[in-house]
Amino acid sequence: MPASSRRRYAALGLLLCVLAVVTAVAALCLGSERLLPSHVWRILQEGGSASDSASVIVWQLRLPRMTMAAMVGVLLSVAGVILQGLLRNDLADPYTIGVSSGAAMGASAAVLAGWEARWHGFGVPLAAFVCAMAATALVLMVARRGGVLRVSVFLLAGIVVGSFMWSVVTLMLTLAGADVGRVLFWLMGSFADAEWTRVRLLLPFVVLGFVGLRAMAYGLNAFALGEESAAHLGLEVEKLKRWAIVLAALCTAAAVSVSGIIGFVGLVVPHIARRLFGADHRQLFWSAAVLGAVLMVWADTLARSVARPAEIPVGVITALLGAPFFIALLRRERLV
């Protein structure tokens, strides 16, 4: 790598670190009750030992919420990078493969069945995760023939399975009655239920997604040349496709199960990372993760600050910010 490129990457990496710190400070200070950065710093130094209202707000509400939002941003961004690299389609995102619709169906059924308090409060996330992975298994089964996973068919199968499951969700909403509000709020995305227990459960998936994308960076770089070229370079193409899809599905299912449907993050963030750091997945694996975490934390901060004391669903914020940005990006690239 030329020295100029190394200096550029180092400068951009430093800028991302500064942006992440500023984002964390803003997330801890802003909200229905605003706190000064010096006050927040003093509370963090106390280690949560104090019992005043400001300490409770920081340690029990904002810090776990910020951490969970960052983790979900990492998961969706990593899944987006994997799928766009594997499918060689810039419009691919974690929700085009049927995972989100499966999670939505499972969560809606769990809410309507009154499972919100079951399994220590994890009834809805668990149902969402199981149905999300079941949807992925169904899509994989449809797309495989003769031991070969056809990528183009996989994308179409994901859209078809997703559309079917969304129709089931719509049917359940029609029959929900008084519970429709609770289902809709989950479907639009929220971190209102963030707590340290859920953060700990989400952590292994974040580590798996981050390490997994790094491990398959070379394979995704080779896959950009086409399946035949990648095979000639010694890549086990079918193995890469299988593990890449499973990893993307796991990341998406874990994120959706705790936060609901939050769109545009897995679609937009990989584009931003590629524009800043290029198409090499050895750079994308960490830059997209940091950008996804920053974007999601800012979206959640705006969601709970703009209309305080009311809270706007996070999915609404990401759609309002992501759609205009993506349209501008497409026009800049002269694709529309």
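Within the stretch 262-274, track down each residue that is surrounded by fewer than 24 Cβ atoms within 10 Å (Cβ to Cβ) and not in a helix (DSSP H, G or I).
The answer is 263, 264.
With the structure loaded, tell me whether residue 75 is within 26 Å of the chain's Cα centre (by Cα) and either charged (D, E, K, R) or surrounded by fewer than 21 Cβ atoms within 10 Å (Cβ to Cβ) (or both) or whether it fails that test.
no
Out of all the residues in the stretch 226-243, is one or more under 30 Å from residue 107 (Cβ atoms) and either in contact (Cβ under 8 Å) with a residue 40 or more places away in the chain or touching a Leu at 6+ places or on another chain (Cβ under 9 Å) (or both)?
The answer is yes, given that some residue of the stretch 226-243 is under 30 Å from residue 107 (Cβ atoms) and either in contact (Cβ under 8 Å) with a residue 40 or more places away in the chain or touching a Leu at 6+ places or on another chain (Cβ under 9 Å) (or both).
Tally time: how many residues in the stretch 26-78 are free of Cβ contacts under 8 Å to residues at least 24 places away in the same chain, charged (D, E, K, R) and part of a helix (DSSP H, G or I)?
Going through the stretch 26-78 one residue at a time, the tally reaches 2.
Would you confirm whether or not the stretch 209-222 contains a residue that is surrounded by 20 or more Cβ atoms within 10 Å (Cβ to Cβ), modelled with pLDDT of 85 or more, of a type outside the set (A, V, I, L, M) and more than 30 Å from residue 64 (Cβ to Cβ)?
Within the stretch 209-222, one or more residues are surrounded by 20 or more Cβ atoms within 10 Å (Cβ to Cβ), modelled with pLDDT of 85 or more, of a type outside the set (A, V, I, L, M) and more than 30 Å from residue 64 (Cβ to Cβ).
Any idea which of (1) within 17 Å of residue 192 (Cα to Cα); (2) among the hydrophobic types (A, V, I, L, M, F, W, C); (3) modelled with pLDDT under 85; (4) assigned to a helix (DSSP H, G or I) is the one residue 316 doesn't satisfy?
Every listed condition holds for residue 316 apart from (3).
Scan the stretch 226-260 for residues that are in a loop (DSSP other than H, G, I, E, B) and surrounded by fewer than 21 Cβ atoms within 10 Å (Cβ to Cβ) and jot them down.
226, 233, 234, 235, 236 - these are the residues of the stretch 226-260 that are in a loop (DSSP other than H, G, I, E, B) and surrounded by fewer than 21 Cβ atoms within 10 Å (Cβ to Cβ).
Just for the stretch 127-148: of the residues that are touching a residue at least 40 places away in the same chain (Cβ under 8 Å) and surrounded by 17 or more Cβ atoms within 10 Å (Cβ to Cβ), which one is farthest from residue 242 (Cα to Cα)?
Residue satisfying both the conditions and the ranking: 128.
The values are calculated or read from the model by the stated rules, or taken from the named source; none is laboratory data. Remember, it's a predicted structure, so these values are computed and weren't measured experimentally. Glycine gets a Cβ as well: all are built from the backbone with ideal geometry, and neighbour counts include every protein chain shown.
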